[in-house]
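Asks: Structure in structure tokens, see below.
The values are calculated or read from the model by the stated rules, or taken from the named source; none is laboratory data. Because the structure is predicted, anything quoted here is derived from the model rather than measured. Glycine gets a Cβ as well: all are built from the backbone with ideal geometry, and neighbour counts include every protein chain shown. Ligands, DNA and RNA are stripped out before the accessible areas are found, and what is left, the full protein with its side chains, is counted by its heavy atoms. Shrake-Rupley method; radii C 1.70, N 1.55, O 1.52, S 1.80 Å.
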Amino acid sequence: MNNRTINSPQHEAKFVHREKELADFVENARVALQWLALDGTILWANKAQLELVGHERGEYVGRSIRDFHVDRAVIDKFLSRQQRHEDLNGYEARMRCKDGSIRHVRIASRLYREDNGSLRTHCTTFDITEEKRSKELEERLAAVAELSNDAIINQDLNGVIQSWNRSAERIFGYTADEVIGKPISILALPHEEDETPKLLDRILQGKRIEQYETRRKTKHGQIISISLAVSPITDASGRTVGACNIASDVTESRRTVEIQERLAALVESSDDAIIGEDLNGIIQSWNRGAQRIFGYRANEVIGKPITILAVPGRLDEIPQILERIARGERVDHFETQRKAKDGRILFVSLTLSPIRDGTGRIIGASKIARDITERVQAEEALREANAALIRANADLEQFAYSASHDLREPLRMVASYSELLKRRFGSELDETGELYIRYVVEGAHRMEKLLKDLLTYIRISKERAEPAEEADANYALEQALANLQAAITASSACITHTALPKVHIQSFQLEQVFQNLIGNAIRYRREETPEIHVAAELRGQEWVFSVKDNGIGISPKYKDRIFGMFKRLHTSSDYPGTGMGLAICQRIVERAGGRIWVESEVGKGSTFFFTIPAR
């Protein structure tokens, strides 16, 4: 090709056309372009650049780039580097648009030298405002996720964990490094691994899962209850690519709910009235027990003052009790009266406790009312019966005492005149007459002994059961043995004893117990020499005395009967006595706060035990 061809009109026209196409392309390009002088003066800008800032060409070209940037220091640094002939790539700044909005931009610049040797900068400006916003949003969401009390877990559609926040670590025990890239089924309970695929199927169908309660397993094997919300994660095209799980540990709240439900069930099933009221005495809750006891249904009393149950004359009790509750006091087993719907006056036992809100402030009272009407009436009837019994016993004792005392004199007369009759007419009586007189005399003597024992029993019963001074059991035993000396000598009885304690009982009464028990051991003996041993040992809070013999013994079926008044297992001809000795022993021991019993076997002797409290 020669010079003439190159400089031909056709070639020049083609060049001009190409130059025009290039200028049009640059002017209408979607990328924002502008030329700057080294001092920052705007030399040219294409339409995309003008649209970015919102200015007309005449408002923008010819001015300094500084006029359109928010951060002066940032643009000064940019121009300084430009004046040092540096090419820049990815330089971020903020531009102020005509409408006042701020756009985040990323600038790429390249130095260009004109044919005349002057320098200018060609700048490409990329609007990264939405990118910035998305990044900031992601950062905020990441910060929220890290600060959340809930576990926030992202997974792909295969159930593989993609993200794991701190609360997920706290709740499930795994660190992010331990679980990211692992299947989320590691949290599933045995035999429940198919739950995750089912949830993912619902997510793929475009459904959102909210407040789904289930259970999961922690790293350490603990089973926890969680409330799960699952949302789809979509890409830019709207295609679902994964799921975001938000899990709340509701183990404690579930337990709290279960406890509340159990308490509510207990309240409703209680036979007692359980009533909640505020500090003004307004009824807030009312269970079935309250309806049963007082007759009102819940809708008849809730919102009403508790004074509807008050008995005239006891209205002051309610505000006084509420004042104590407001001070944080508890009221236990306060017995009073209340009025039922049908007008009946009930005796009730009240227990009240303060009700507090979440801050600990007292806002009301919980009241448990138990109907004790039957108990109070029974106690009153028992008091009346006891009073009547005491009067009857007093009359009976007085009668028995008088009768026993008054009968002794006629008996002595019968015995005396029978003796005189025998002496005066004894020679004239035959054998039968003498036998009859002997029966009369013996009967009179037995009757006198019986009345004497009866008087002793009555005297013991009438004595006041006051704390006695300390009695030496060794001395009481010595006195009893002295009284029994004749019987001991006649039977050649061998009586031994251990060291005995001092106890709180009247000395003469303890002496009488020893005398009766040892006397019985001598009386109910076998053919061999009687052997009797007296002992005492401390067991807990009482002294246990024992009187052991080798006598005829007692059948177990009679071990309780023998302590009754006038109860005898043998005839007086076989073994003399009145049947009052053991009854007297029992009365003495019981009035001293103890008890008496026997262990025995026929033919193998008996051991009588009695106790006296140690003080």
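Asks: Would you compute the Debye intensity of the stretch 314-372 from its alpha-carbon atoms alone, equal scatterers and no solvent, and pass along log10 I(q)/I(0) at q = 0.29 Å⁻¹ to two decimals?
Replies: Relative scattering, expressed as log10 I(q)/I(0), comes to -1.20.
Asks: Per-residue accessible area for Leu204 at 1.4 Å probe radius, Å² rounded to 10?
Replies: 100 Å²
Asks: Full-extension gain between Glu531 and Arg292, please, as 0.36 nm times their residue separation minus the C-alpha to C-alpha distance. Numbers along the way, then the final one.
Replies: Numbers: separation 239, 0.36 × 239 = 86.04 nm, distance 6.81 nm.
This chain segment gains 79.2 nm when fully extended.
Asks: What is the total of Lys pairs in the stretch 90-223 with C-alpha atoms under 26 Å apart, excluding same-chain pairs fewer than 8 positions apart?
Replies: Value for the stretch 90-223: 10.
Asks: Given the whole protein assembly as supplied and a 1.4 Å probe, what does the accessible area of Val61 come to in Å², nearest 10?
Replies: Rounded to the nearest 10, the figure is 40 Å².
Asks: Also: Take the alpha carbon atoms of the stretch 209-253, find their center, do the same for the stretch 470-507, and report the distance between the two centers in whole angstrom.
Replies: Taking the Cα centre of each part, the stretch 209-253 and the stretch 470-507 sit 88 Å apart.
Asks: Could you order Asp316, Asp150 by accessible surface area, starting with the largest, using a probe radius of 1.4 Å?
Replies: Asp316, Asp150
Asks: Something else now. Give the calculated FRET efficiency between Asn474 and Lys557 to the nearest 0.05, with a Förster radius of 30 Å applied to their Cβ-Cβ distance.
Replies: With a Förster radius of 30 Å, E is 0.25.
Asks: For an R0 of 56 angstrom, estimate the FRET efficiency from the Cβ-Cβ distance between Arg170 and Asn299 and round to the nearest 0.05.
Replies: With R0 = 56 Å, the Cβ-Cβ based efficiency is 0.75.
Asks: How much solvent-accessible surface does His85 expose, in Å² to the nearest 10, with a 1.4 Å probe and all protein chains in place?
Replies: Its accessible surface works out to 100 Å², give or take rounding.
Asks: Now for a different question. Enumerate the calculated ³J(HN,Hα) couplings along the stretch 225-239 in order (Karplus 6.51 cos²θ - 1.76 cosθ + 1.60, θ = phi - 60°), each rounded to whole Hz, writing x wherever the residue is Gly or Pro.
Replies: Coupling constants for the stretch 225-239: 9, 10, 10, 10, 10, 10, 10, x, 10, 10, 8, 4, 8, x, 7 Hz.
Asks: If you don't mind, another one. Out of residues 5 or more away from Lys304 or on other chains, whose amide H comes under 5 Å of its own, with H placed 1.01 Å from N in the peptide plane?
Replies: Close amide H contacts, sequence-distant or interchain: Ile283.
Asks: Can you give the extra length, in nm with one decimal, that the chain gains between Glu428 and Thr218 once fully stretched, where that is 0.36 nm per residue apart less the Cα-Cα distance?
Replies: Stretched fully, the Glu428-Thr218 segment lengthens by 63.8 nm.
Asks: Please work out the Kirkwood hydrodynamic radius for the stretch 465-512, using every pair of different C-alpha atoms, and report it in angstroms with one decimal place.
Replies: Values: mean 1/r = 0.0854 Å⁻¹.
About 11.7 Å for the stretch 465-512.
Asks: Could you list which residues have their amide H under 5 Å from that of Trp286, counting only those 5 or more apart in sequence or on another chain, with H placed in the peptide plane?
Replies: Counting only residues 5 or more places away or on other chains, the set is Gly276.
Asks: For q = 0.10, 0.18 Å⁻¹, what log10 I(q)/I(0) does the stretch 59-200 give under the Debye formula with an equal point scatterer on each alpha carbon and no solvent?
Replies: Treating every Cα as an identical point scatterer, log10 I(q)/I(0) equals -0.60, -1.02.
Asks: Also, quick follow-up: With θ set to phi - 60°, apply the Karplus curve 6.51 cos²θ - 1.76 cosθ + 1.60 along the stretch 295-311 and write out the HN-Hα couplings as whole Hz, x wherever there is a Gly or Pro.
Replies: In residue order, the calculated couplings are x, 7, 7, 4, 5, 8, 10, 4, x, 9, x, 5, 5, 5, 9, 6, 9 Hz.
Asks: Something else about it: When the Karplus curve 6.51 cos²θ - 1.76 cosθ + 1.60 is applied with θ = phi - 60°, which whole-Hz ³J(HN,Hα) does each residue of the stretch 47-63 get, with x for Gly and Pro?
Replies: Going residue by residue, I get 4, 4, 5, 5, 5, 4, 8, x, 9, 6, 4, x, 7, 10, 5, x, 9 Hz, with x marking Gly and Pro.
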